[in-house]
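I have placed the structure first, in the form of structure tokens, so that the comments after it can refer back to it.
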Amino acid sequence: AALFTEDCVVDYGPGLGGPRRGRDVLEAALDAGLRRFAATSHHVSNLEITLEGDRASGICYVLAWHRMADGSPDAYLFGQYHDRFVRRERGWQIAERRLLVAGELGFSVAWNFLGREPMTLPRDTPESRADRPPGRSGRT
């Protein structure tokens, strides 16, 4: 939470409480929310930053893996972070963050989706593989 301004606004989606205002509120929500995971790994790529003096905006892609603490199957999410940054005495901090989800697997919460119908991947089980048509080798 130290990466965020004291008066930040962060929205990970309606299923996770909607917009949170203030670093202390965000920190408490992250602390409570992360307890449901035994481990997570967030991979951020394709950062695009636009500088405007002591302010900046950015978009990046995120792929997030979550191992559930209760032993249920792992969950995945992929989407974009839309951020606004400000330069303070301590350096750059995130003033606003909004997660837009392109797809997910294994979550049961409402998200802010990325401007189209959400994509939810099927679980890969022997039963689901039996329902799929046979794949091609890719060779002609």
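The values are calculated or read from the model by the stated rules, or taken from the named source; none is laboratory data. Keep in mind the model is a prediction, meaning the values are calculated, not measured. The protein model used for the area step is the full one, side chains on, heavy atoms only, and it has no ligands, DNA or RNA in it. Shrake-Rupley method; radii C 1.70, N 1.55, O 1.52, S 1.80 Å.
Couplings 3J(HN,Hα) for the stretch 9-16, derived from phi with the Karplus relation 6.51 cos²θ - 1.76 cosθ + 1.60 (θ = phi - 60°), are 10, 10, 10, 8, x, x, x, 10 Hz, where x marks Gly and Pro. Amide H contacts under 5 Å for A95: T5, R84, F85, V86, restricted to partners 5 or more places along the chain or on a different chain, H placed in the peptide plane at 1.01 Å from N. What the phi angles of the stretch 50-58 give under the Karplus curve with 6.51, -1.76 and 1.60, with θ = phi - 60°, is a coupling list of 10, 8, 9, x, 8, 10, 7, 10, x Hz, glycine and proline written as x. When the inverse distances between all different Cα atoms of the stretch 6-101 are averaged and flipped, the Kirkwood radius reads 14.5 angstrom. The residues of the stretch 7-114 expose on average 58 square angstrom of accessible surface per residue, using a 1.4 Å probe on protein heavy atoms. Residues whose amide H comes within less than 5 Å of that of F37, counting only those at least five positions distant or on another chain, are A69 (H built at 1.01 Å from N in the peptide plane).
Here the Karplus curve 6.51 cos²θ - 1.76 cosθ + 1.60, taken at θ = phi - 60°, turns the phi angles of the stretch 105-115 into couplings of 9, x, 9, 10, 10, 7, 10, 8, 8, 7, x Hz, with x standing for Gly and Pro. Taking 0.36 nm per residue of separation and subtracting the current Cα-Cα distance, fully stretching the chain between V44 and D74 would add 8.9 nm.
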